[in-house]
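Inspection log for the structure reproduced underneath, given as structure tokens.
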Amino acid sequence: MFRWAFVFLIVTFLAGIFAFAGLVLAAAALAKLIFYLFLVLFLLALIAGLLEKIALREYDVFTGKDKVGLTVREKLGILAKGFLKRLS
């Protein structure tokens, strides 16, 4: 999907060079749409991966019962650390 966004970006630049205004606007709009769609899907996959790791380790981070009793701030800190670790 990222490849399609890149293809439409290239089409936008080429059409801009040759002064095809209608084609430039259409290709730019498609590139932007595909980019944002890709971004949303990436964030959803990232969140799903973090929640899957929490489930695999059997942490009970939402109710605070039994295994781990954390405050909301501590839970967000753990999710942020996992997010940063996943990015690197």
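All of the numbers you see were taken from the coordinates with simple rules; none came from a lab. Keep in mind that this is a model prediction, so the values were computed, not measured. Note that we place each Cβ from the backbone using ideal geometry, even for glycine, and neighbour counts take in every protein chain shown.
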For the stretch 25-33, 3J(HN,Hα) per residue [Karplus equation, 6.51 cos²θ - 1.76 cosθ + 1.60, θ = phi - 60°, Hz, x = Gly/Pro]: 5, 5, 5, 5, 5, 5, 5, 5, 4
Loop trypsin sites (Lys or Arg not before Pro), the stretch 30-60 (other Cβ atoms within 10 Å of the site Cβ: 15 or fewer; DSSP): Arg57
Computed lengthening from Arg73 to Lys85, 0.36 nm per intervening residue step minus Cα-Cα distance: 2.5 nm
Global geometry of the stretch 1-44, whether rounded, prolate or oblate, following the gyration tensor of its Cα atoms and the 1.5 cut on a/c: prolate
In sequence order, calculated HN-Hα J values of the stretch 39-56 (Karplus, 6.51, -1.76, 1.60; Hz; x Gly/Pro): 5, 5, 5, 4, 5, 5, 5, 5, 5, 4, x, 5, 5, 5, 5, 5, 5, 5
